[in-house]
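The values are calculated or read from the model by the stated rules, or taken from the named source; none is laboratory data. Given the structure is predicted, the values throughout are model-derived calculations rather than measurements. Ideal geometry is used to build each Cβ from the backbone, glycine not excepted, and the neighbour counts take in all protein chains shown.
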Amino acid sequence: MVLEICPVCGCKQINPERIVNGYQLKRCVSCNMVFVSPRPSPIDIENLYTNRENFDEIISVYERIAVLKIFEYQECLEKISQVLPGKGKLLDFACGAGYFFEQAQNAGWEAHGSELGEWAKAACDARNVSNIHIGSLDELNFPEEYFDVIYAAQVFEHLREPRNELQKLSKILRSGGLLYADVPNYHTLPMIFGRDKFTWNEPPQHINYFSPNNFSKMISAVGFSIELITTSGGLNWENLLGRRVKSDILNAYDNENININNIDKDNIYQEKLCGRKESILSMTKKIIKKIIVDPIFYKKLGLGINLSVLARKQ
Ligand SMILES: [Zn+2]
């Protein structure tokens, strides 16, 4: 019999939550963490991320996504700089094809990336991006207190032992250094009402389903003080009815014709900088978002589909 404990708080009282893609999800009675139980083995998880036979395919998916996310990366770097002035050493933990830390390098950081599979090195080498490290944190053995910033975007939902990995990250971050981490949020209305289709959130890739309370609790428990916690995105009628429409990112995953070379980057940037053409409807939506949705639903009630935290090591 496998001893089941909550990967966040260690509580042994666990109740069944739901079954997704043939995997049992359970909920911790103490902190409400939802997670796949029994846990996949370390070998199963390692195989998911290291056994990529077709490097070109995965590299091209990341390339298509990067085109759409470059502004987000730059905004995130600005947010980090506002809280931690000066540009020091940054680690992009589980960096994928390395587009975030490449942006950080361009902005003047000594930025590094770590990833499990060799395909990530091939992706970085193809763009002449240096400081890509392949291996687990144990294998890479970075010096203690080396980094000023650790960036872990969409990572903790994949990890077998999220709290232990966070502890290892904390060791290589200097005192006063910053952690930026984001995960998909389980505390959303479609999830609560069982309407969510788990698009992009399915096991075995995702095995941890955090909510604002237990995500911040896990981060505080290993010695961080939370500077900012917020959620964003997803509060629209398609999601509420459980008919999640495809996001740009999902489209990028599925549509091989989206290519970094034939996408009209200038147009995307122009729209981001100047906004789309305003109609009365779009302006009304923007005002409602600013005065109701952002402050109440996303920040206060924490119901957005993306959950992000900025925390400082004490
Ligand atoms: Zn728990």
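Which condition number does Asn15 fail, the rest of (1) more than 9 Å from the ligand (Cβ to nearest atom); (2) part of a loop (DSSP other than H, G, I, E, B); (3) touching a Lys or Arg at 6+ places or on another chain (Cβ under 8 Å) being met?
That leaves (2) as the condition not met.
How about the stretch 72-176: which helices (runs of 4 or more DSSP H) wholly inside it have at least 1 residues that are crowded, with 20+ Cβ neighbours inside 10 Å?
Qualifying helices (runs of 4 or more DSSP H): 99-106, 118-126, 162-171.
Applying the selection to the stretch 18-29, what residues are more than 14 Å from the ligand (Cβ to nearest atom) and either closer than 22 Å to Glu139 by Cβ or among the hydrophobic types (A, V, I, L, M, F, W, C) (or both)?
Ile19, Val20
What do you reckon, is Glu57 within 16 Å of the ligand (Cβ to nearest atom) and more than 20 Å from the chain's Cα centre (by Cα)?
No.
Among the residues of the stretch 151-204, which ones are over 22 Å from Pro40 (Cβ atoms) and of a type in the set (Ser, Thr, Tyr)?
Answer for the stretch 151-204, where residues must be over 22 Å from Pro40 (Cβ atoms) and of a type in the set (Ser, Thr, Tyr): Tyr151, Ser170, Ser175, Tyr180, Thr188.
So if I check each of Ile134, Ile172, which one is free of Cβ contacts under 8 Å to residues at least 24 places away in the same chain and touching a Leu at 6+ places or on another chain (Cβ under 8 Å)?
Result: Ile134 is the single residue among Ile134, Ile172 that is free of Cβ contacts under 8 Å to residues at least 24 places away in the same chain and touching a Leu at 6+ places or on another chain (Cβ under 8 Å).
Sort out which residues of the stretch 18-49 are surrounded by 14 or more Cβ atoms within 10 Å (Cβ to Cβ), in a strand (DSSP E or B) and among the β-branched types (Val, Ile, Thr), and write them in order of number.
Val20, Val34, Val36
Out of curiosity, is Arg52 away from the ligand (no atom under 16 Å from the Cβ), touching a residue at least 24 places away in the same chain (Cβ under 8 Å), over 17 Å from the mean Cα position of the chain (by Cα) and surrounded by fewer than 19 Cβ atoms within 10 Å (Cβ to Cβ)? Before the answer, list the steps.
Details: away from the ligand (no atom under 16 Å from the Cβ): yes; touching a residue at least 24 places away in the same chain (Cβ under 8 Å): yes; over 17 Å from the mean Cα position of the chain (by Cα): yes; surrounded by fewer than 19 Cβ atoms within 10 Å (Cβ to Cβ): yes.
Judged against the criteria, Arg52 is a match.
At positive phi, at pLDDT 90 or above and more than 16 Å from the ligand (Cβ to nearest atom), is that true of Asn32?
No; evaluated as a whole, the condition is false for this residue.
Looking only at the stretch 205-214, decide whether some residue is more than 25 Å from Gly22 (Cβ to Cβ) and modelled with pLDDT of 90 or more.
yes
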